[in-house]
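The values are calculated or read from the model by the stated rules, or taken from the named source; none is laboratory data. All values derive from a computational prediction rather than experimental measurement. FYI the Cβ positions are ideal-geometry reconstructions off the backbone, even for glycines, and counts take in every protein chain you see. Just the protein is used for accessible areas: all its heavy atoms, side chains included, with ligands, DNA and RNA removed. Shrake-Rupley method; radii C 1.70, N 1.55, O 1.52, S 1.80 Å.
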Amino acid sequence: MGSSSDLKVMHKAAEQLEVLQVPFEITIVSAHRTPVRMADYATKAAERNLKVIIAGAGGAAHLPGMVASYTTLPVIGVPVKSSNSIDGWDSVLSILQMPAGVPVATVALDGAANAGILAAQILALSDSSLQERLIGFKNSLSAKVMESLKEANLYDFRYFVNSDFSSGV
Ligand code: RP5
């Protein structure tokens, strides 16, 4: 991430990776304040056996794109609504609108959790046990929705629909 102030968002990626038992490292690498360190980090990432890079930054968020320009590893960009963001669109567009040839997979504003999950999904292409954990994770998402359906007080509404879609209108 570009600053320690991004940690309030980026910790959500770390939490997902922990849940999925994916080893990761976290550091602060600023495209503007430590450009040489950024180039060094991105250039050496593949030889250090990293597989995916998640880069989060706010405002004029050049970090993900610049990292992607130095490596062939997949880069997932997290636009952060930071103190210097106007409204968050500046961060989103800085990361999203990459020129052809230098892709950055951009998640939602402050969408670090999805960055963690997407990184795990990329790694799972060559890791069947991680694939199994991701299936378990997806199932837990479904289970939560079905549980919320049971708990939600929908029964008084005229068009309440059974969870197995068996009733007609
Ligand atoms: C960006 O500027 C950082 O990624 C951060 O989102 C934002 C503000 O940085 P700080 O001023 O909080 O260090 O480069």
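Residue 93 satisfies every condition listed in (1) touching a residue at least 24 places away in the same chain (Cβ under 8 Å); (2) away from the ligand (no atom under 12 Å from the Cβ) except (1). Out of contact with any Leu (no Cβ under 6 Å at 6 or more places or on another chain), of a type in the set (A, V, I, L, M, F, W, C) and in a loop (DSSP other than H, G, I, E, B): is that true of residue 118 in this structure? So residue 118 fails the test.
If you go through region 55-64 one residue at a time, do you hit one that is more than 18 Å from the chain's Cα centre (by Cα), within 14 Å of the ligand (Cβ to nearest atom) and not in a strand (DSSP E or B)? Yes: region 55-64 contains one or more residues that are more than 18 Å from the chain's Cα centre (by Cα), within 14 Å of the ligand (Cβ to nearest atom) and not in a strand (DSSP E or B). Could you go through region 111-129 and let me know if any residue there is surrounded by fewer than 21 Cβ atoms within 10 Å (Cβ to Cβ) and within 13 Å of the ligand (Cβ to nearest atom). No - not one qualifying residue is present in region 111-129. Within region 95-114, identify whether any single residue is in a helix (DSSP H, G or I) and of a type in the set (Gly, Ala, Ser), and answer yes or no. Yes, that holds for at least one residue.
Considering region 1-41, and only residues there that are in a loop (DSSP other than H, G, I, E, B) and out of contact with any Leu (no Cβ under 9 Å at 6 or more places or on another chain), the residue that is surrounded by the fewest Cβ atoms within 10 Å (Cβ to Cβ) turns out to be 27.
In this structure, does residue 87 turn out to be within 16 Å of the ligand (Cβ to nearest atom) and open to solvent by 50 Å² or more (accessible area, probe 1.4 Å)? The answer is yes for residue 87.
Report yes if residue 51 is within 15 Å of the ligand (Cβ to nearest atom) and open to solvent by 50 Å² or more (accessible area, probe 1.4 Å), otherwise no. Criteria not met by residue 51.
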